[in-house]
1. Which ones in the range 73-110 are of a type outside the set (A, V, I, L, M, F, W, C), more than 29 Å from the chain's Cα centre (by Cα) and not in a loop (DSSP other than H, G, I, E, B)?
2. Suppose we filter the range 40-55 for residues that are of a type in the set (V, I, T) and either outside any strand (DSSP E or B) or not assigned by TED's automatic domain parsing to the domain that holds K136 (or both); how many remain?
3. Taking the conditions exactly as written (in the same structural domain as R116 (by TED's automatic domain parsing) and either without any contact (Cβ under 8 Å) to a residue 60 or more places away in the chain or surrounded by fewer than 17 Cβ atoms within 10 Å (Cβ to Cβ) (or both)), does S36 satisfy them or not?
4. Kindly check whether there is at least one residue in the range 154-169 that is at pLDDT 85 or above, assigned to a helix (DSSP H, G or I) and either in contact with a helix residue (DSSP H, G or I) (Cβ under 9 Å, 6 or more places away or on another chain) or over 27 Å from D72 (Cα atoms) (or both).
5. Identify, please: which residue in the range 93-139 is surrounded by 22 or more Cβ atoms within 10 Å (Cβ to Cβ) and touching a Gly at 6+ places or on another chain (Cβ under 8 Å) and is, among those, farthest from Q62 (Cα to Cα)?
6. Could you check, for the range 56-72, whether at least one of its residues is assigned to a loop (DSSP other than H, G, I, E, B) and of a type in the set (A, V, I, L, M, F, W, C)?
7. Evaluate the range 3-13: report whether one residue or more is in contact with a Ser or Thr (Cβ under 8 Å, 6 or more places away or on another chain) and over 21 Å from A135 (Cα atoms).
Amino acid sequence: MPPPPKQYFNDYAGVVSPETAARLNTTLEQFERDTSSQVVVAIFPKMQSDSSIEDYTVRVAQSWRVGQKGTDNGAVLFVFVQDRAMYLQVGYGLEGALPDALCKRIIEDIIKPHFRNGDFDAGLTAGVEAIIAAAKGEYKGTGRTAAGSTGDALTRLKREIEYRDRVEAVFAMVLVLFIVFVFLAVRRSVVYGPGGRSHWDDWFGGGFGGGGFSGRGWGGGGFSGGCGGGGFVGGGGSFGGGGAGGRW
């Protein structure tokens, strides 16, 4: 069983150009943000199983947990290059938008002609666009991905650290001002000796001497690094065998 993918578009066979792969990955990530539905593409050199493609792909899709928990709005397009076979698995929650008959049309009429011409870029681009067009009206997105939940936690942590740093900086400033105030108040109470020179001048060589408060600032650096979600994380969806496949 292959491990869960790290991206929405995964070309393990190296048949798609890097530019197309990056563009489709961004498109699918944005689709989850807009609709909450997760669509994944996985291209393998060949199928690593003796079972049927229907059985194998539904087990893989289920193990990857594509789609959101409770709505099961996920879909996975599997492509096995050396086997010249593909299958579009659809989660329970998208079976209304992507019924078996429509999945078959996407496979046969939209993707297959390009694959037969050896153009995987065009076939997968057209296939992804067709899947998105069919599924985009089913669910409403939250503006983030399942992977973004980790980023949200890090963002909250960053804000908490920055707030704490600001509080500490204000406290340090108040403390320094208090010490200076006490020092000046006590200094005024000292009786100056001959020549207008005070005992404080003898002890401290003229007070702070303009040196100021030195050292590393409080909370200057803060929490570095971005907190973006990025990548793919399955949302907990389930599959029951809906979809269709074909060969080219």
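The values are calculated or read from the model by the stated rules, or taken from the named source; none is laboratory data. All figures in this text were calculated on a predicted structure; none of them were measured in a lab. Here Cβ is always computed from backbone atoms with ideal geometry, including for glycine, and neighbour counts include all displayed protein chains.
1. Going through the range 73-110, the residues of a type outside the set (A, V, I, L, M, F, W, C) turn out to be 73-74, 82-84, 87, 89, 91-93, 95-96, 99-100, 104-105, 108-109.
If we keep only those that are more than 29 Å from the chain's Cα centre (by Cα) too, we end up with 82-84, 99-100, 104-105, 108-109.
D100, K104, R105, E108, D109 - these are the residues of the range 73-110 that are of a type outside the set (A, V, I, L, M, F, W, C), more than 29 Å from the chain's Cα centre (by Cα) and not in a loop (DSSP other than H, G, I, E, B).
2. Of the residues in the range 40-55, the ones of a type in the set (V, I, T) are 40-41, 43, 53.
From what is left, the residues that are either outside any strand (DSSP E or B) or not assigned by TED's automatic domain parsing to the domain that holds K136 (or both) are 53.
Final tally of qualifying residues: 1.
3. Numbers: in the same structural domain as R116 (by TED's automatic domain parsing): yes; either without any contact (Cβ under 8 Å) to a residue 60 or more places away in the chain or surrounded by fewer than 17 Cβ atoms within 10 Å (Cβ to Cβ) (or both): no.
Taking the combined requirement at face value, the residue does not satisfy it.
4. no
5. F115
6. Here is the first cut: in the range 56-72, the ones assigned to a loop (DSSP other than H, G, I, E, B) are 65-67, 69-72.
So of that shortlist, the ones also of a type in the set (A, V, I, L, M, F, W, C) come out as 66.
Scanning the range 56-72, I find at least one residue that is assigned to a loop (DSSP other than H, G, I, E, B) and of a type in the set (A, V, I, L, M, F, W, C), so the answer is yes.
7. Checked the range 3-13: at least one residue is in contact with a Ser or Thr (Cβ under 8 Å, 6 or more places away or on another chain) and over 21 Å from A135 (Cα atoms).
Okay, residues lined up against (1) without any contact (Cβ under 8 Å) to a residue 60 or more places away in the chain; (2) out of contact with any strand residue (DSSP E or B) (no Cβ under 6 Å at 6 or more places or on another chain):
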position: I43; (1), (2): no, no
position: M47; (1), (2): yes, no
position: S51; (1), (2): yes, yes
position: V58; (1), (2): no, no
position: A61; (1), (2): no, no
position: R65; (1), (2): no, no
position: T71; (1), (2): no, yes
